[in-house]
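Trainee: Sharing a structure with you now.
The values are calculated or read from the model by the stated rules, or taken from the named source; none is laboratory data. None of the values given here were measured: they were computed from a predicted structure. Here Cβ is always computed from backbone atoms with ideal geometry, including for glycine, and neighbour counts include all displayed protein chains. With ligands, DNA and RNA removed, areas are computed over all heavy atoms of the protein, side chains included. Shrake-Rupley method; radii C 1.70, N 1.55, O 1.52, S 1.80 Å.
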Amino acid sequence: MIRTRFAPSPTGYLHIGGVRTALYSWLYAKKQGGEFTLRIEDTDLERSTEESVNAILEGMSWLGLDYDHGPIYQTHRFERYKEVIQQLFDKGLAYYCYATPEELDAMREAQKAAGEKPRYDGSYRDFSGEPPTGIDPVIRFKNPLDGDVVIDDLVKGQVIINNKELDDLIIARPDGTPTYNFTVVVDDWDMGMTHVIRGDDHLNNTPRQINLYKAIGAEVPKFAHIPMVLGEDGSRLSKRHGAVSVLQYKEEGFLPEALLNYLVRLGWSYGDQEVFSMDEMVKYFDLNSVNSSPSTFDTAKLTWINEQHIKTAPAEHLATHLSSFVAQLGCDLSQGPELSEVANILRDRAKTLVEMAQGAIYFYNDFEAFEAGAAKKHLRPAAEEALTLVLEKLEALSEWKAEAIHNVINATAEALEVGMGKVGMPLRVAITGGGQSPAIDATAELIGQDRCIKRLKMALEFIEKRKEAQ
Ligand code: GLU
């Protein structure tokens with residue numbers, strides 16, 4: 001059974017780059033009928049916050065990245081880590097190190113001065129004397145002294161590190177709390193991880209972790225290190241490039257599957273296909289086709305992908321995601337048509353749900369004034385005759401359907417011997433308040449007969465006043 005995990009540290013917002021590794025792990029497990037775990041790596045008590053944990057959980061839930069196990073909190077597993085540290089002591093593979101920060105600094109300076117790579121010199125590794133008093137020691141792992149560590153990375157290819165390059169890793173801090181490189185290994189072992197898919201900022205930790213797996217008698221999982229996401233200036237994507245928190249994309253009106261579609265393509269390809277449904281992502285995703293060099297985040301492309309998903313998403317799904325935006329604009333959804341129907345006619349005109357919500361307002365809320373430009377152009381005295389006739393015919397309609405409304409517009413234009421636009425445009429401004437809307441007959445149907453009649457009367461009053469003012 002394939003088992004993967006996403007293991008964020010809750011020290012900030014859920015970063016879009018993190019979401020991409022989460023997605024790759026999730027897809028890889030789904031594709032193979034495996035299991036996906038969410039693990040919260042919160043052992044850094046100073047930097048971890050509950051707010052950040054909540055942002056991770058909310059982000060995962062909004063994205064629909066469901067997990068078979070978790071969330072598992074590392075802070076709930078301290079007893080287990082202690083147990084494994086004890087096992088390492090029992091095997092003679094761990095030791096207390098009493099070197100003070102000052103001594104370590106001095107060591108580093110001396111090594112640098114001698115042109116050597118700074119590393120812990122192992123002075124307490126085989127220490128058998130009386131330990132210095134008044135110092136809370138750290139616990140270090142006895143890294144093998146020679147031989148190579150070979151990583152057959154599924155994205156990066158083979159990476160070989162000689163053990164001479166690695167010093168003895170700190171596995172517990174002076175206060176006894178275990179460190180990241182240790183807990184991650186114990187967890188991935190206990191949770192039966194077969195594949196560790198994570199950002200390549202962790203690649204330099206991997207050889208040390210492999211040595212730890214071997215020391216505790218665990219099977220070493222396969223690794224896939226995913227290159228970073230860069231901003232348009234080529235530096236690592238960060239806040240100064242714009243939104244990096246996944247929840248910010250939610251607020252900006254992106255559909256979760258569009259964001260995931262964009263992220264899956266960022267560093268992975270399947271022929272030249274750009275738009276993927278979730279099912280297609282699961283079906284086609286493969287670690288072999290993940291690019292080994294970094295990718296650049298491109299908001300314009302994300303927006304285009306969002307537009308494509310808005311065009312094809314099931315109407316109910318669109319409505320589910322749209323409703324909070326519409327509500328934020330002060331619309332009472334009980335005072336108008338089904339939101340899914342409104343979403344359906346607006347879907348071809350919106351790049352984001354924020355835009356779509358803007359376009360949905362007049363279906364729910366009455367307006368007090370017409371948009372000045374549109375009114376000036378289309379609600380002029382010359383339109384009075386068309387609006388009066390169309391009002392009369394619309395009032396008489398017994399079946400309020402787009403087709404019947406269309407026929408009314410047609411009949412009015414014919415009767416007055418004018419083009420359809422001479423009737424349609426004033427009608428549009430009258431019932432929507434502005435000059436932009438989807439097809440006017442379908443729009444009118446959804447706005448409803450009473451509202452349309454009321455708004456047409458308001459438009460005629462507007463024209464009346466305009467005549468008086470002339
Ligand atoms: N907790 C680590 C981080 O947030 C990830 C560890 C891992 O995936 O192995 O960067």
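Trainee: Please work out whether the stretch 422-465 counts as rounded, prolate or oblate from its C-alpha gyration tensor, where a ≥ b ≥ c are the square roots of the eigenvalues and a/c under 1.5 means rounded, while otherwise a/b larger than b/c means prolate and anything else oblate?
Mentor: Details: a/c = 2.28, a/b = 1.35, b/c = 1.69.
In terms of gyration-tensor shape, oblate.
Trainee: Sticking with this one: For the stretch 1-128, what % of the accessible area comes from carbon and sulfur atoms, probe 1.4 Å?
Mentor: Working: 3060 of 6420 Å².
Percent of accessible area from carbon and sulfur atoms in the stretch 1-128: 48.
Trainee: Answer with one residue from M107, S123, T312: the one whose Cα lies farthest towards the positive end of the charge dipole of the chain, charges on Cβ with Lys, Arg +1 and Asp, Glu -1.
Mentor: T312
Trainee: Per residue, how much accessible surface does the chain expose to a 1.4 Å probe? Answer in Å², no decimals.
Mentor: Details: 22120 Å² over 470 residues.
Counting only protein heavy atoms, the per-residue value for the chain is 47 Å².
Trainee: Leaving out ligands, DNA and RNA, and with a 1.4 Å probe, what % of the accessible surface on the stretch 158-287 is carbon or sulfur?
Mentor: On the way: 2440 of 5030 Å².
Looking at the stretch 158-287 in its full context, I get 48 percent from C and S.
Trainee: Which three extents, in angstrom, do the Cα atoms of the chain have along their principal axes, listed largest first?
Mentor: Cα extents, longest axis first: 107, 43, 40 Å.
Trainee: Once each part is reduced to its C-alpha centroid, what is the distance from the stretch 91-168 to the stretch 447-470 in angstrom?
Mentor: 82
Trainee: On the accessible surface of the stretch 386-470, probed at 1.4 Å, how many percent belong to carbon and sulfur atoms?
Mentor: On the way: 2090 of 4120 Å².
Answer for the stretch 386-470: carbon and sulfur cover 51 percent of the accessible area.
Trainee: Report, to two decimal places, the Cα Rg of the stretch 91-245 normalised by 2.2 N^0.38 Å (N = number of residues). Provide the component values of the computation, followed by the final result.
Mentor: Numbers: Rg = 18.0 Å, N = 155, 2.2 N^0.38 = 15.0 Å.
Rg over 2.2 N^0.38 Å, computed on Cα atoms: 1.20.
Trainee: Grab every C-alpha pair in the stretch 203-263, bin the distances at 10 angstrom width from 0 up to the longest one, and report whole percents.
Mentor: Taking every Cα pair in the stretch 203-263, the percentages come to 17, 30, 23, 23, 7.
Trainee: With a Förster radius of 45 Å, plug the Cβ-Cβ distance of S123 and S235 into 1/(1 + (r/R0)^6) and report the FRET value to the nearest 0.05. Show your work: numbers first, answer last.
Mentor: Details: r = 39 Å, r/R0 = 0.86.
Calculated transfer efficiency: 0.70.
Trainee: Give me, ordered by chain and number, the residues 5 or more places off I40 or on other chains with an amide H under 5 Å from its own placed amide H.
Mentor: HN-HN under 5 Å from I40: I72, Y73, Q74.
Trainee: Here's a follow-up. Take the alpha-carbon centre of the stretch 295-368, take the same for the stretch 411-446, and report the distance between them in whole Å.
Mentor: One Cα centre to the other: 23 Å.
Trainee: Tell me the label-point distance for the pair N54, E316, using the 7 Å Cα-to-Cβ offset, in nm and rounded to one decimal.
Mentor: That separation, rounded to one decimal, is 3.1 nm.
Trainee: From the mean inverse distance of alpha carbon pairs (Kirkwood) and the Cα radius of gyration, derive Rg over Rh for the stretch 295-433.
Mentor: Using Cα coordinates only, the ratio equals 1.05.
Trainee: What is the local net charge at L88, summed over the other residues whose Cβ is closer than 12 Å to its Cβ (Lys, Arg +1; Asp, Glu -1)? Don't skip to the end; give the middle numbers.
Mentor: On the way: positive: K82, K91, R140, K142, K214; negative: E83, D90, D168.
Every neighbour counted, the sum reads +2.
Trainee: When the helices in the chain are scored as -39500 (n - 2.57) per DSSP H run of 4 or longer and the sum is shared across all residues, what 222 nm value do you end up with, to the nearest 500 deg cm²/dmol?
Mentor: Working: 19 runs with 226 residues, N = 470.
That comes out to -15000 deg cm²/dmol.
Trainee: Starting at 0 and stepping by 10 Å, how many percent of the alpha carbon pairs of the stretch 1-103 end up in each bin?
Mentor: Per 10 Å bin, starting at zero, the Cα-Cα P(r) for the stretch 1-103 comes out as 14, 35, 28, 18, 5, 0 percent.
Trainee: Enumerate lysine pairs in the stretch 96-239 that are 8 or more residues apart or on different chains, then count those whose Cα atoms are under 18 Å apart. Show your work: numbers first, answer last.
Mentor: Values: K112/K164; K117/K164; K142/K164; K142/K214; K156/K222; K164/K214; K214/K222.
Number of lysine pairs found: 7.
Trainee: So what's the gap between the Cα centers of the stretch 6-47 and the stretch 212-284, to the nearest angstrom?
Mentor: Using only Cα atoms to place each centre, the spacing works out to 11 Å.
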